[in-house]
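Encoded as structure tokens, the structure appears first; notes follow it.
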Amino acid sequence: MKASDFHVPVACAPRLRPEGPYGLLPRALPIREVCRENYRILTFVLDDDLPEARPGQFVMVWLPGHKEAPFSLAYHRPIALTVAGVGPLTKAMHRLGPGDVLWLRGPYGHPFTPESGSQHPLLVGGGYGVAPLAFLAEHLRAVGQQPVAFIGGRTAEDIIGVARLEALGVPVFVTTEDGSKGEAGLVTHPVSRFLAEGRGDALYGVGPHGMLRALARLAHTHRVPAQLSWEAYMGCAMGLCGMCEHDGVLLCVEGPVRRVIP
Ligand SMILES: Cc1cc2nc3c(=O)[nH]c(=O)nc-3n(C[C@H](O)[C@H](O)[C@H](O)COP(=O)(O)OP(=O)(O)OC[C@H]3O[C@@H](n4cnc5c(N)ncnc54)[C@H](O)[C@@H]3O)c2cc1C
Ligand code: FES
């Protein structure tokens, strides 16, 4: 018997590299451009689109010799990822340039959705959590809402993403813990003030868990809905491995965006 006797008709052949959101294997996508956001964060613009992707969703990124990790979509047309160099994978990504390749699968996860009845949503980001806020602001403006953004960081050097939001016509309030830019203190302070003055009717948050817990408390106090994007270690991104469990939910499929109803 020869190998050709085992020919599998194309229609029955296993799809080793399936396309679409739940494709199991990553696709190699060339980097078009790398933009420096600050001393530790770069934005990678890739040579492809994910037209079906929504703000708040993430992709899994892989480089040969490294683990895979999740990254929020900073944009989808073209794909853009804003990446802090914190460990082996992200530091290896930071050594890449235009023409090099990132391996991606996705998009995955539950996106942000416009709150019905909201006119003045407040968008809050800390650190690289600012990454998806302009994508989200564009989405909310397209349905007639007028978002206001709040960006927090430790120092002036940690603040990113202001120009992209302002270019969309979104007012931006900056806070730094050391007072080196904008208002001194935590980003939740001006957000709390806006809510107390009735100048916000929905909250969207991406950033450290402490900031998200504070936003959840504000949502309850001021009785506004909140959508918060929670981070966890992820393995499969498809609800199979259990690695992303947080407070009894699998964040890769039931998050990362979770809705708080006051
Ligand atoms: C839904 C989602 C979206 C994300 N979006 C972005 C993004 O847009 N930009 C970005 O830079 N990063 C993002 N991350 C985080 C990124 O996936 C991790 O930082 C990744 O592990 C980095 O890999 P590494 O090998 O470089 O560093 P690692 O060695 O994996 O991590 C470096 C340090 O970060 C800590 N860490 C890593 N991941 C987590 C986690 N999930 N929770 C708590 N601590 C952690 C580790 O303990 C370690 O101290 C996202 C994570 C999730 C779950
Ligand atoms: S990452 Fe595997 S179940 Fe969520």
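The values are calculated or read from the model by the stated rules, or taken from the named source; none is laboratory data. Here the structure is a predicted model, which means the values were calculated and not measured. In this analysis, Cβ positions are derived from the backbone assuming ideal geometry, glycine residues included, and neighbour counts consider all displayed protein chains.
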message: Can you confirm whether residue 228 is within 16 Å of residue 121 (Cβ to Cβ), within 13 Å of ligand 1 (Cβ to nearest atom) and either hydrophobic (A, V, I, L, M, F, W, C) or surrounded by fewer than 16 Cβ atoms within 10 Å (Cβ to Cβ) (or both)?
response: yes
message: residue 214 - would you say it is within 12 Å of ligand 1 (Cβ to nearest atom) and free of Cβ contacts under 8 Å to residues at least 40 places away in the same chain?
response: no
message: Pairs needed: first member in the range 82-99, in the same structural domain as residue 43 (by TED's automatic domain parsing); second member anywhere, more than 16 Å from ligand 2 (Cβ to nearest atom) and acidic (Asp, Glu); C-beta distance under 8 Å; at least 6 residues apart or different chains.
response: 82/37; 98/33
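Residue-by-condition table, conditions (1) away from ligand 1 (no atom under 16 Å from the Cβ); (2) surrounded by fewer than 14 Cβ atoms within 10 Å (Cβ to Cβ); (3) not aliphatic (A, V, I, L, M):
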position	(1), (2), (3)
178	yes, yes, yes
190	yes, no, yes
210	no, yes, yes
218	yes, no, no
message: Is it the case, given these coordinates, that residue 206 is surrounded by 16 or more Cβ atoms within 10 Å (Cβ to Cβ) and among the hydrophobic types (A, V, I, L, M, F, W, C)?
response: yes
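Within the range 239-253, how many residues turn out to be more than 6 Å from ligand 2 (Cβ to nearest atom) and either outside the structural domain of residue 227 (by TED's automatic domain parsing) or not charged (D, E, K, R) (or both)?
5
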- prompt: Would you pick out the residues in the range 186-212 that are among the charged types (D, E, K, R) and not in a helix (DSSP H, G or I)?
  reply: 197, 199, 201
message: Could you list, ordered by first residue, the pairs with Cβ atoms under 7 Å in which the first is in the range 235-259 and within 13 Å of ligand 1 (Cβ to nearest atom) and the second is of a type in the set (Ser, Thr, Tyr), at least 6 apart or interchain?
response: 237/108; 243/233; 244/233; 252/108; 256/229; 257/229
query: Taking the stated definitions as given, is residue 164 without any contact (Cβ under 8 Å) to a residue 60 or more places away in the chain, surrounded by 16 or more Cβ atoms within 10 Å (Cβ to Cβ) and either within 16 Å of ligand 1 (Cβ to nearest atom) or not assigned by TED's automatic domain parsing to the domain that holds residue 133 (or both)?
result: yes
Enumeration of residues in the range 184-236 that are among the hydrophobic types (A, V, I, L, M, F, W, C) and within 16 Å of ligand 2 (Cβ to nearest atom): 230, 232, 234, 236
task: Run residue 103 past the list (1) surrounded by 19 or more Cβ atoms within 10 Å (Cβ to Cβ); (2) in a strand (DSSP E or B) and report the number of the one that doesn't hold.
output: (1)
